[in-house]
Structure formats: structure tokens, C-alpha cells
Amino acid sequence: MGKSYEDFGKRQRKKQKNFAESEISCNFAQKVKNISDMAQLLVTVSDNAQLPHLRTAIRQLRGVEQVAMLRKMDVPRKVLTQGKAHKELLERAESLGKLAEGWDGSDSKAIAPQSIRKFKTALGKVEEKLLQGWVLFPDAHGYLYLDYTGSNAVAGITMTGERLIYFFKKDGKTVKNDGAAFTTRNLLSILERVHG
Amino acid sequence: MAEHLPKIVGDEERVARVIFSPSYIYNGRVAPTAFRWDVLPSGDAEDYISVLRGDASELDTETRHFKARVEGDERYGYALLGVGHIREIGIDNHEIAETKVDVLSLPSKHHPNHAGIVVDIAKERVTALTPVSSEIMIIQKELALQCSEIVRF
């Protein structure tokens, strides 16, 4: 019974702490608009129990205007800019997804919906600058083909439902792979290596 | 029409690949996948990429026979490639082991000026049944890069 009360107490204190932190974050965000020219110090701690002591200590320093505690979820995430290249590739993928069986002769297959879906998912996680210079084409096997021609590199990525088959030529070297798994991470990695 | 064409396709000749839009050309860029090996309606797998020989006037007449296969796609034009440059593809690509690209005269009843780009990788002739590989993609990309001139219909 005693343990239950103890747990209840802990939960309440935790709720109050979270509420207090949220309030501080909000106030801080509002303040920041007005004091954006002021220097800020970001401190990351591994042990949250030290936070109250740290806050007290920092408050006592001369020149400190305000101390705010941000939880991990309050830290702004990197926002991806999705511009013209992203929009064009997305529209192109949707358009190619409508190609019917036989679009390039009796043996040509419609583009696998899985390829379209995976490509669109990956697109949402790619920075605009990595998409510059890439054009999407259909492949009669039912695959998507991502083609790149740049000033210092050429590349091609065939996207089957499950695999990425690719090559790129850069700085006089050729890299090729016939069987990487079609994951967002792998596609991102290829784009980064071509542009990097 | 093409009786005058020699049996051996000369390095100085140019060959044409018919291009459909928007599937195989987009923002002025020709798709490497436009250079593909077909499986014929008979079920036979081609071991060449179809192209046409001849001068501009012959090609204009000849390519009128080609129609887009699906609604929304249209005949865009034909891309011209130098035969000598095509044959150099295999030589220039040291990274691709034992690759040879050639252009052979393959006249047919309907297309006496028909020719085929043939590709051998590791002494194996690529056909429509050969699985997609990075080596084939490199050859296709090189062919697409050779399309410096595209003649609109």
C-alpha cells in the first residue's frame, strides 16, 4: 500500500514537472522572439536529476536573464525544404504509376506499385539539393529508373520493388551495385554519395 | 529504298532510335531505358537494340510507321547516334570487364535499313531475357549520352 502511494506521488511530481517545463518552454519561445540577438547557451545533460541544481547555479551567474529547460521533443527538428525538384519527381512518379501494361510493346510491364510507394516515401525524407539533376523514367520491366547527369558525375538507379541496382561515375571512378535492398536509407546514401 | 546500304555498318554512319514522349524523354533528357531489348510478340527475345540506318529523308519516311503504344504517349522524334561512338563505348569503359558494343546490319522485310546495337558482357550476348544489371545500365546510359541530336517529327 505504501509503495502505491509512493508511486502516485512520483507520478504527480512528474506531471507537475512536465507542466512546469512546458510553461517555461512556451515563455522562453515567446521571449526568444524579442531577444533573438542575445547569446544563448545550450547545455545537454545525461542525468535529469542534476537539472534543478544546474538551473539554480546558472541563475546565480551575473548577466543571466532567463534559464529555460527544453525537453528533447521541444528541440526544433531539421525541416526539409521541398521545392521544385521534389515536386517534379513526385508528380512524375504518380504519372508513371498510371502507365498500363504494354506501354512500350507487348512485353512491357506496368510500374510496380511497391516501387512507386517506396520511392514516394523516400522522397519525403530527401533534401531538395540532393534531388537536383535527377530525372525519373519508366523501365519496361516494371521498374522505376532514376537518372542523373551532372557536371562531375553521371548515375543511374533502377528501383525494383525490393532492390536498388545502381552505378555512378564520379571523379574518374565507377561504383556499381547489383543488389542493395530498396530502403529509404540506402536510396539516401546513394544520392548523398553522388552529390557529396 | 535501302538496297544501297552496305552490309557492314560503317563507323561514319549514324543510326536512329525512335523516342516516345513523355515516357522516354523528359526535360530534354533521353532515358537510358529507351535503349532496351524487346521480347517480340512471337515470344522471341531480341539480342539487339533496334535502330535504323539511312539519311534524314529516309528516316523521316521510315519512322512514320512507328506509333505510340498507349494513350498519353506520343511519337516525339528520333535520336541520332554515331556508330563509331557507339563502338567506342565498350573500349572506353575500362571498369566494365570484357564489354563489347557493336552495330550490325539486320535488314527486315518491312525495314530494309534496320540495324541492331549488340552488347556482349563477359562474352555473353545481352538479350531481352538478361536481368537488369549495373553493367547494362552503364551501357544504356552511355548510349543515352550519345543522343546529342534529336530530330523532332
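Values quoted throughout were computed directly from the atomic coordinates according to the rules given, and no laboratory measurement underlies them. Computed from a predicted model, the values in this text were never measured in an experiment. Positions of Cβ are backbone-derived with ideal geometry, glycine not excepted, and every protein chain shown enters the neighbour counts.
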Compute the projected area of the convex hull of the Cα atoms of region A:63-196, averaged over all viewing directions, and report it in nm² to one decimal place.
11.9
For a quick check: with amide H placed at 1.01 Å from N, whose amide H comes under 5 Å from A:K170's, ignoring anything fewer than 5 positions away on the same chain?
A:V175
Spin-label model distance (nm) - A:E101 vs A:S151, 7 Å beyond Cα toward Cβ:
4.7
Descending semi-axes in whole angstrom, ellipsoid equivalent of region B:14-152, from the Cα gyration tensor
23, 17, 16
With at most 12 other Cβ atoms within 10 Å, longest stretch of chain B clear of loop GluC sites (Glu not before Pro) (DSSP)
B:13-70
Go through A:K87/A:K176; A:K129/A:K176; A:K129/A:K173; A:K169/B:K141 and tell me which ones have a Cα-Cα distance over 19 Å in this structure.
A:K87/A:K176; A:K129/A:K176; A:K129/A:K173
Pick from B:S23, B:S108, B:S50 the residue whose mean-square fluctuation is largest in a GNM of chain B, springs joining Cα atoms under 10 Å.
B:S108
Find the centroid of the Cα atoms in region B:11-25 and in region B:81-153, then give the distance between the two in whole Å.
12
